[in-house]
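What follows is a short report on a single structure.
The values are calculated or read from the model by the stated rules, or taken from the named source; none is laboratory data. Everything quoted here is computed from the prediction, not taken from an experiment. Don't worry about glycine lacking a Cβ; one is built from the backbone with ideal geometry, like all the others, and counts go over all protein chains shown. Heads up: the accessible areas ignore ligands, DNA and RNA and are worked out on the full protein's heavy atoms, side chains in. Shrake-Rupley method; radii C 1.70, N 1.55, O 1.52, S 1.80 Å.
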Amino acid sequence: MLQHKGVDMMSFQYNNILIQMLMVLFPIILYLALTNDRQTIKNEHSYWGYICAITMGLSIAFSVKLDDGIFLDLRMVPWFLSFIYGGTAVGIHVTIFFFVIRFVIGGTGMIPAFIVMFLSSFVMCRFRSRFHHWGRKKKIMLSVLFLVVSSASIPFLGTILLEQPINFVRLSSYVCFVIANGITVWLTIHLMESYREKKKLLKEIRKNEKLHVVGQMAASVAHEIRNPMTSVRGFIQLLSLSKNMSTAERGYLNVCLNELDRANAIISDYLAFGKIQDIEKLCHVDVSSEAIQSIKSLSSYSVLHGVHVSVDICDRAVVIGSPGKLQQMFVNLIKNAIEAASPNGHVNVKIHTYNQQVEIMIADDGEGMSAQQIENLGLPYYSTKEKGTGLGLMVTLQIIREMGGHWKVSSHLNEGTLFTIMIPLL
Ligand code: ADP
Ligand code: MG
């Protein structure tokens with residue numbers, strides 16, 4: 001709210017409030033309508049910053065002027081949104097933008113506006129860091145409260161500092177604008193939150209769709225491969241019955257049979273993918289012994305990559321699952337960690353129980369991942385390796401879900417990665 005040489009107090013039109021609300025809502029609705037939820041916009045935050053700056057500019061350009069030069073507008077709303085959905089840096093830029101245009105307009109009214117905006121920016125930084133952890137109801141309620149308090153404090157401070165006379169029309173227009181601020185922020189937060197929830201949901205659905213397609217494809221391919229393999233196995237068995245064969249030749253046939261069985265086991269895993277595990281296949285599994293077994297089977301692999309694998313078992317943990325699948329989970333995760341940490345790196349596997357759950361932590365000091373990479377983890381065929389299949393983590397995630405567990409990934413580029421898996425105890 002600004003000081004300005006102006007129009008008669010009685011000329012204050014309450015329907016101007018509606019124009020103000022439109023000025024604030026229009027760019028935001030346009031943004032929501034134009035951003036396609038399939039594409040992710042590059043520099044989304046700066047894009048949002050521009051939207052907020054334009055909205056703020058429009059709001060100030062169409063402000064309602066009172067007779068002694070007080071400007072009433074909803075600029076606090078885009079300013080608030082710039083912090084919430086753009087981040088602190090974007091918020092500070094929009095604040096600076098406001099200071100500049102406010103300075104250009106001039107007038108004594110800028111002093112209370114500057115003081116309030118400056119102080120609110122500090123509060124906003126803290127508010128923002130908590131905002132995204134709240135539920136939608138709390139977000140809306142506290143945002144409305146914040147906006148009402150901060151937008152009321154400008155005329156309040158102005159009245160005290162500039163010793164303005166207070167009368168009924170002035171007071172009622174202040175009250176109207178404070179309420180308009182509250183309503184507009186309620187509406188915008190509501191719109192933004194619904195949009196973000198929808199976007200998140202769509203992402204999840206697309207991810208599941210892909211997994212479903214892979215499951216179907218894997219099942220049909222695996223099924224087709226199994227038939228010729230069965231006949232190959234039969235003929236090899238017949239061949240091994242032959243009497244005129246050297247011990248070495250018999251050894252080769254055994255290797256063939258073992259490898260065929262291994263291939264068959266892998267196919268079974270893919271066939272199992274996407275299907276709910278049979279109840280009778282589940283049994284009590286000791287997590288630590290499966291971990292040790294997996295590390296043992298990877299020992300030559302880790303030596304080959306020059307990576308040292310250590311294990312800390314703090315508690316004995318028994319879960320319901322299948323031993324083979326649990327081992328497959330460990331092997332996939334530890335193998336990735338070895339590949340990321342190689343050469344001369346360290347991988348640590350820690351198992352402890354916590355809150356009726358077993359917590360498995362697999363840490364490496366390898367190449368780490370960017371936020372974008374972390375988001376893609378578990379998607380079929382997502383791999384950054386030349387010879388990667390991008391199926392390992394997809395299967396792993398499926399196994400974890402089957403056991404009623406979940407995972408957390410924290411990673412920093414060139415520092416390392418920590419996979420934390422939580423599975424409910426027996
Ligand atoms: P693959 O190992 O065949 O590439 P995965 O599904 O096992 O497929 O892993 C997918 C991708 O996830 C890897 O290509 C790699 O980029 C990333 N990744 C997985 N684990 C780690 C890790 N511990 N450190 C860094 N990147 C990892
Ligand atoms: Mg892998």
Run the simple label-point estimate for VAL149 and LEU191 please: 7 Å along Cα→C-beta, distance reported in nm. 2.6 nm
Give the residue list of GluC sites (Glu not before Pro) in the range 314-403 that are DSSP loop and have at most 12 other beta-carbon atoms within 10 angstrom. GLU386
Hey, can you list the DSSP H helices of the chain whose Cα span along the axis is 18 Å or longer and whose average Kyte-Doolittle score is at least -0.5? 16-34, 44-61, 88-105, 110-131, 136-161, 168-240, 247-272, 323-341
Projected onto the charge dipole of the chain (unit charges on the beta-carbon of Lys, Arg, Asp and Glu, signs +1, +1, -1, -1), the Cα from HIS93, PRO323, HIS352 with the largest positive-side position is that of HIS93
How far apart, in nanometres, would the label points at PHE122 and ASN344 be if each is projected 7 angstrom from Cα along the Cα-to-Cβ direction? 4.8 nm
Measure of exposure for ARG128: accessible area at 1.4 Å probe, Å² rounded to 10, is 60 Å²
With a sphere of radius 10 Å drawn around the Cβ of THR420, what net charge do the other residues whose Cβ falls strictly inside it have (Lys, Arg +1; Asp, Glu -1)? +1
Cα-Cα over 26 Å: which of LYS281/LYS385; LYS139/LYS210; LYS137/LYS199; LYS203/LYS350; LYS138/LYS198? LYS281/LYS385; LYS139/LYS210; LYS203/LYS350
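The range 128-216: which chymotrypsin sites (Phe, Trp or Tyr not before Pro) are DSSP loop and have at most 13 other beta-carbon atoms within 10 angstrom? Each step should come with its number before you reach the end.
On the way: sites: PHE131, TRP134, PHE146, PHE156, PHE168, TYR174, PHE177, TRP186, TYR195; in loops: TRP134.
Qualifying residues, ordered by number: TRP134.
Charges only on Cβ, +1 for Lys and Arg, -1 for Asp and Glu: so what's the dipole of the range 293-419 about the Cα centre, in debye to the nearest 20? Walk me through the numbers on the way to the answer.
On the way: 9 positive and 11 negative charges, 81 e Å.
My answer is approximately 380 debye.
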Could you tell me which of VAL232, SER220, ASN264 has its Cα farthest along the dipole of the range 217-274 towards the positive end, charges placed at Cβ (Lys, Arg +1; Asp, Glu -1), taken about the Cα centre? VAL232
Distance between modelled label sites at ASN15 and TYR252, nm, 7 Å Cα→Cβ extension: 9.6 nm
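How big is the C-alpha Rg of the chain next to the rule-of-thumb value 2.2 N^0.38 Å, as a ratio? It would help to have the intermediate numbers written out before the result.
Details: Rg = 31.7 Å, N = 426, 2.2 N^0.38 = 22.0 Å.
For the chain, the normalised Cα radius of gyration comes out at 1.44.
Using a 1.4 Å probe over the heavy atoms of the protein chains, calculate the carbon and sulfur portion of the accessible area of the range 283-424 as a whole percent.
Values: 3500 of 6820 Å².
Within the range 283-424, the accessible surface is 51 percent carbon and sulfur.
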When the charge dipole of the range 9-205 is computed with +1 on Lys and Arg Cβ and -1 on Asp and Glu Cβ about the Cα centre, the Cα farthest towards its positive end, among GLY135, ALA61, THR35, belongs to GLY135
Once you charge only the Cβ atoms, +1 for Lys and Arg and -1 for Asp and Glu, what is the size of the charge dipole of the range 57-181 about its Cα centre, to the nearest 20 debye? 740 debye
Net charge over other residues, Cβ less than 13 angstrom from the Cβ of SER288 (K, R count +1; D, E count -1): -2
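Put LEU238, LEU147, LEU32 in order of accessible area, largest first, 1.4 Å probe: what do you get? Intermediate values should be presented prior to the final figure.
On the way: LEU238 105, LEU147 0, LEU32 30 Å².
Listed by decreasing accessible area, they come as LEU238, LEU32, LEU147.
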Binning at 5 Å from 0, report for the range 9-205 what percent of all alpha-carbon pair distances ends up in each bin. 1, 7, 16, 20, 21, 15, 9, 5, 3, 1, 1, 0
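Solvent-accessible area per residue for the chain at a 1.4 Å probe radius, Å²?
Working: 23130 Å² over 426 residues.
Per residue, the chain has an accessible area of 54 Å².
Tell me the chymotrypsin sites (Phe, Trp or Tyr not before Pro) within the range 356-426 that lie in a loop according to DSSP and have at most 14 other beta-carbon atoms within 10 Å.
Values: sites: TYR381, TYR382, TRP407, PHE419; in loops: TYR381, TYR382.
The qualifying sites are TYR381.
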Which value, in Å² rounded to 10, gives the accessible area of VAL175 with a 1.4 Å probe and all protein chains present? 80 Å²
If you build a Gaussian network model of the chain, linking Cα atoms that sit under 10 Å apart, which residue out of ALA218, ALA180, ALA33 swings the most? ALA33
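Direction-averaged shadow area of the convex hull around the Cα atoms of the range 283-424, nm²? Don't skip to the answer; put the middle values down first.
Details: hull surface 31.1 nm².
Taking a quarter of the hull surface, the average projection is 7.8 nm².
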For the VAL311, LYS200 Cβ pair and Förster radius 51 Å, calculated FRET efficiency rounded to 0.05 is 0.90
Quick one: how many Å² of LYS199 are accessible to a 1.4 Å probe, rounded to 10? 50 Å²
Considering the zone a paramagnetic label at LEU161 would reach in this model (a point 7 Å from Cα along the Cα-to-Cβ line), which residues of the range 103-147 have amide N under 16 Å from it? 103-122
Over the alpha-carbon set of the range 217-274, work out the extent along each principal axis and list the three values in angstrom, largest first. 46, 15, 10
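Express in % the proportion of alpha carbon pairs of the range 110-218 at distances exceeding 16 Å. Before the final figure, lay out each step's value.
Numbers: 4130 of 5886 pairs.
For the range 110-218, the fraction of Cα-Cα distances above 16 Å is 70 percent.
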Give the Cα extents of the range 199-342 along the principal axes, in whole Å, largest first. 65, 38, 34
Suppose R0 equals 30 Å; then what is the FRET efficiency for ILE183 and HIS133 from their Cβ-Cβ distance, rounded to the nearest 0.05? 0.75
In debye to the nearest 20, how big a dipole does the chain give about its Cα centre with +1 on each Lys and Arg Cβ and -1 on each Asp and Glu Cβ? 540 debye
Can you work out the FRET efficiency for the pair CYS283 and ARG233, with r the C-beta to C-beta distance and R0 = 30 Å, to the nearest 0.05? 0.60
